[in-house]
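The values are calculated or read from the model by the stated rules, or taken from the named source; none is laboratory data. Every value quoted in this text rests on a predicted model; they were computed, and no experiment measured them. As a convention, Cβ positions derive from the backbone with ideal geometry for all residues, glycine included, and neighbour counts pool all protein chains shown. Accessible surface is based on the protein model in full, side chains and every heavy atom, while ligands, DNA and RNA are left aside. Shrake-Rupley method; radii C 1.70, N 1.55, O 1.52, S 1.80 Å.
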Amino acid sequence: MARTPKDRIRQRRDGHPPRVRRGSPPASGRTPPAERQPLPVGRRVPTSDDLEVSTYLEIARVREGEEPVSPPEAPTPPEAIAILDFGSQYSMLIARRVRECRVYCELVPHDAPWEQVARLRPRGFILSGGPASVYEDGAPMAPAYVFESGLPVLGICYGMQLLAHQLGGRVAPGQRREYGPAMIYQADRSAPIFEGLTSPMPVWMSHGDVIAEMPPGFQALAHSENSPIAVMGNGAGLLGLQFHPEVVHTPQGKRILENFLHNVCGCRGDWTPSSFVAESVRRIREQVGSGRVICALSGGVDSAVTAALVHRAVGDQLTCIFVNNGLLRREEPERVIATFRRHLKMNLVHAEATARFLDALAGVTDPEEKRRRIGETFIRVFEEEAERLGRVDFIAQGTTYPDVIESASSGSSAAAKIKTHHNVGGLPAHMTFTLIEPLRFLFKDEVRQVGLEVGLPEEMVFRHPFPGPGLAIRIIGEVTPEKLEILRAADWVVMDEIKRAQLYRDLWQAFAVLTDSRSVGVMGDFRTYGYVVALRVVTADDAMTADWARLPYEVLARISNRIVNEVPGVNRVAYDITSKPPGTIEWE
Ligand code: XMP
């Protein structure tokens, strides 16, 4: 059967194992590289598209000497699962998969106190994988409440080894580490965890330790060629999986998680965008009362959904501030204004600050300095606009769950990180707002679903992420009005062709970069000496890793021809085929 363009750009995701950092196998064979080596975190916080706007505001609040604001609690739905994080690079994926099964869950540190977990009133626990070996000194253990609660527990990889180790079994280094695809064979096909699954079944393994002895009361429910105990259970809600059900390379993995959630924990699975919206609207109304709220709109998905949700809750008590920094794509400012002011009928302050941003960027070539100046200018413009509004009580921000997890796991808030990088000044001390973060516990795909639910147009909800500093970091070297025009025109062609080929939704990001290289060309009878434009088109499940999209040649050819013909000043187009890592998505 002929492959469609979409099949082709998905080629890597479907045909290859997940990309992990390469390294020589560990000498002991105990811990595979995927678990031991966390993916490198870039110099920037790889997170929501509205990060910059929201963190600059957060920095503004958490000024030197001020107490950080404690994060608001999540709404607690009737059923929830607590996932204890032992440090696997896949922990966040487990949370995503559980949410895909419509069960609310939170990822909590493995040593979270009971009070933090009790708030969720969990129906069960999942113990994640992790890089340690359970028998090593100082290896993290599951807290006693996990076993004392009498609730179902699913241990995944290291989590399974913890079950064995802590409940009276024995874990030992395996003869051979098992890393990559494997087949498992069920011993007991009637086990509730196997409902609807095939045997043998392909799974993704990533471990070096094995269960040498099961704890009393446990049985082996499945084996693989290398692991006599690939699945174990005690028939009373405690289960261990040696493989990773959360990764796409365990094709029936989601069904296994579903079986645990439904058949073992008794969850119904009623966590939906509409139930979330109803609960959030109720909570925002309760919190805001008759107060006034402001929200900085960047044009990105997260701040748009935040604004729409808060607007649904408190209507005209919300005023959105949209700062046009002059660094947006062609027609973007008009689109934001049309959507929010005309279509959604929100109070919208449009601060036209292009000249101020371009002045601040004049002569600057260093990417981090560009970011710093953009952040600083943003804060000053925002401050002036907020002052003009008079008394404001709350500020709504589009922080999402990956931002929260990322800052928790790295031990510092996103704001603190950006602050160190950018040294951005804050708002004046008299401007203190209470924070509302309705998306704080949602993944990007859930944010999008909520966006649809509250009536945002699809075009806005499915937008690609766009960096806070905008086109400034896609122009290598100094940012000038002329270069911005060239880049906007080239970028327009890229978007137009990607959308025309119906590839937009399959891509994480697609954009043009204006390099500072010029090259010789011939157009008609004339020699030209113009800029080189680079195309950056990537696929990713999140922005931590990315791969260049295998765009069909015809699409690449059309983009190249059109840019060279339609964009004055550009005479060459190059396609960036660097993966992340080692590259980054943006060029600066
Ligand atoms: P990199 O280039 O680090 O990008 O692979 C990862 C994701 O983050 C976006 N990005 C930014 N977003 N401010 C932002 O708000 C920034 O300074 C920034 N730099 C990169 C990038 O577009 C990608 O989605």
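Things worth noting here:
- Entry remark, the stretch 225-243: residues being in a loop (DSSP other than H, G, I, E, B) and in contact (Cβ under 8 Å) with a residue 40 or more places away in the chain number 7 in total.
- First in the stretch 342-365 and of a type in the set (Ser, Thr, Tyr), second anywhere and open to solvent by 20 Å² or more (accessible area, probe 1.4 Å), Cβ under 8 Å, 6 or more apart: Thr365/Glu478
- Scoring Glu246 on the criteria (1) of a type in the set (Asp, Glu); (2) buried (at least 16 other Cβ atoms within 10 Å of the Cβ); (3) outside any loop (DSSP other than H, G, I, E, B) leaves a single failure, condition (3).
Residue-by-condition table, conditions (1) open to solvent by less than 60 Å² (accessible area, probe 1.4 Å); (2) touching a residue at least 60 places away in the same chain (Cβ under 8 Å); (3) not hydroxyl-bearing (Ser, Thr, Tyr):
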| site | (1), (2), (3) |
| --- | --- |
| Pro113 | no, no, yes |
| Pro122 | yes, no, yes |
| Leu127 | yes, no, yes |
| Pro131 | yes, yes, yes |
| Val134 | yes, yes, yes |
| Pro200 | yes, no, yes |
| Ser206 | yes, yes, no |
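- The set of residues in the stretch 538-560 that are away from the ligand (no atom under 16 Å from the Cβ) and open to solvent by 40 Å² or more (accessible area, probe 1.4 Å) comprises Arg550, Tyr553, Glu554, Ala557, Arg558.
- The set of residues from the stretch 561-587 being crowded, with 19+ Cβ neighbours inside 10 Å and either among the hydrophobic types (A, V, I, L, M, F, W, C) or at pLDDT 95 or above (or both) comprises Ile563, Val564, Val567, Val570, Asn571, Arg572, Val573, Ile585.
- The set of residues in the stretch 561-588 being within 12 Å of the ligand (Cβ to nearest atom) and either in contact (Cβ under 8 Å) with a residue 40 or more places away in the chain or touching an Asp or Glu at 6+ places or on another chain (Cβ under 9 Å) (or both) consists of Asp576, Ser579, Lys580, Pro581, Gly583, Thr584, Ile585, Glu586, Trp587, Glu588.
- Flag if Gly315 is modelled with pLDDT of 95 or more and under 20 Å from Phe433 (Cα atoms): yes
- Among the residues examined, Leu120 qualifies as under 22 Å from Arg440 (Cβ atoms), modelled with pLDDT under 95 and part of a loop (DSSP other than H, G, I, E, B).
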